[in-house]
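Step one of this worksheet: look at the structure below.
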Amino acid sequence: MLERYYRKGKRASRFTSPFHVLISCVLSQRTREENTEKASLQLFSVASTPEEIASLPLEKIEELIKPAGFYREKAKRIKQISGIILERYRGRVPETREELMRLPGVGFKTSAVVLSYGLGKDIIAVDTHVNRISKRLGLVRKDAGVEDVRRTLEKLFPKRKWKYVNLGFVNFGREVCKPLKPACMKCELKNICEYAKNKFHEPLRETKRHGKSEKTKKT
């Protein structure tokens with residue numbers, strides 16, 4: 001199922017270079033996807049390299065990324081990150097998780113996204129969709145932290161399939177397992193989903209009666 005959802009719907013981001021993935025991921029923190037894309041496009045249309053962003057006045061960066069929200073804090077971080085990449089890494093995004101997480105504002109999720117989507121490394125990035133859906137399904141404990149979720153999923157899925165997990169869950173979460181009103185009745189996983197079992201008390205199945213599809217409890 002994740003492979004199918006990986007291949008359909010929106011891509012995780014239109015940005016693919018390691019630096020663009022890094023900056024857009026910082027912009028994505030505490031905001032909506034459409035705001036992230038708008039802010040990223042505005043910024044990269046003016047400055048798209050560490051050198052160019054580091055040379056911009058802070059006020060200009062704030063103006064460009066305003067749609068992403070928390071723009072003063074994010075502008076400061078983006079300028080700092082660009083400077084550090086120039087000074088310590090000769091303009092290249094670091095390629096280890098430890099080095100990435102030393103950058104301002106870069107934590108577990110952002111570092112994993114950069115490694116996976118920007119650098120093509122084998123790692124499952126746990127964003128809000130992956131975290132929510134894996135807990136609803138009962139794949140991980142409800143109180144599990146982001147790193148616990150990642151480690152658990154990486155044990156459950158063979159390494160050759162890791163690349164499907166993040167974007168597969170993202171597209172599945174946009175279409176079916178939505179944050180507020182999940183479409184449980186159209187979900188092909190409802191009979192094995194802990195959230196659906198609790199919501200409907202018992203697993204449900206679709207039956208045909210009088211030529212119409214009807215929801216019935218499994219007995």
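Observations on the structure shown:
- Out of Phe200, Phe169, one residue alone is aromatic (Phe, Trp, Tyr) and either in contact with a strand residue (DSSP E or B) (Cβ under 9 Å, 6 or more places away or on another chain) or modelled with pLDDT under 95 (or both). It is Phe200.
- Enumeration of residues in the stretch 1-35 that are polar (S, T, N, Q), modelled with pLDDT under 95 and either in contact with a His (Cβ under 9 Å, 6 or more places away or on another chain) or assigned to a helix (DSSP H, G or I) (or both): Ser13
- Among the residues making up the stretch 38-61, those that are in a helix (DSSP H, G or I) and surrounded by fewer than 19 Cβ atoms within 10 Å (Cβ to Cβ) are Lys38, Leu41, Gln42, Ser45, Val46, Glu51, Glu52, Ser55, Leu58, Glu59, Lys60.
- Hey, Val126 within 22 Å of Lys8 (Cβ to Cβ), out of contact with any Cys (no Cβ under 8 Å at 6 or more places or on another chain) and either open to solvent by less than 60 Å² (accessible area, probe 1.4 Å) or modelled with pLDDT under 95 (or both) or not: yes
- Close pairs from the stretch 145-174: first on the phi > 0 side of the Ramachandran plot, partner open to solvent by 30 Å² or more (accessible area, probe 1.4 Å), Cβ under 8 Å, at least 6 apart: none
- Scanning the stretch 130-158 for residues that are of a type in the set (A, V, I, L, M), part of a loop (DSSP other than H, G, I, E, B) and either open to solvent by less than 60 Å² (accessible area, probe 1.4 Å) or farther than 18 Å from Cys187 by Cβ (or both) returns Val140, Ala144.
The values are calculated or read from the model by the stated rules, or taken from the named source; none is laboratory data. Nothing here was measured: the structure is a model prediction, and the numbers come from that model. So basically every Cβ, Gly included, is an ideal-geometry build from the backbone, and we count neighbours across all protein chains shown. The area values use the complete protein model at the heavy-atom level, side chains included, leaving out ligands, DNA and RNA. Shrake-Rupley method; radii C 1.70, N 1.55, O 1.52, S 1.80 Å.
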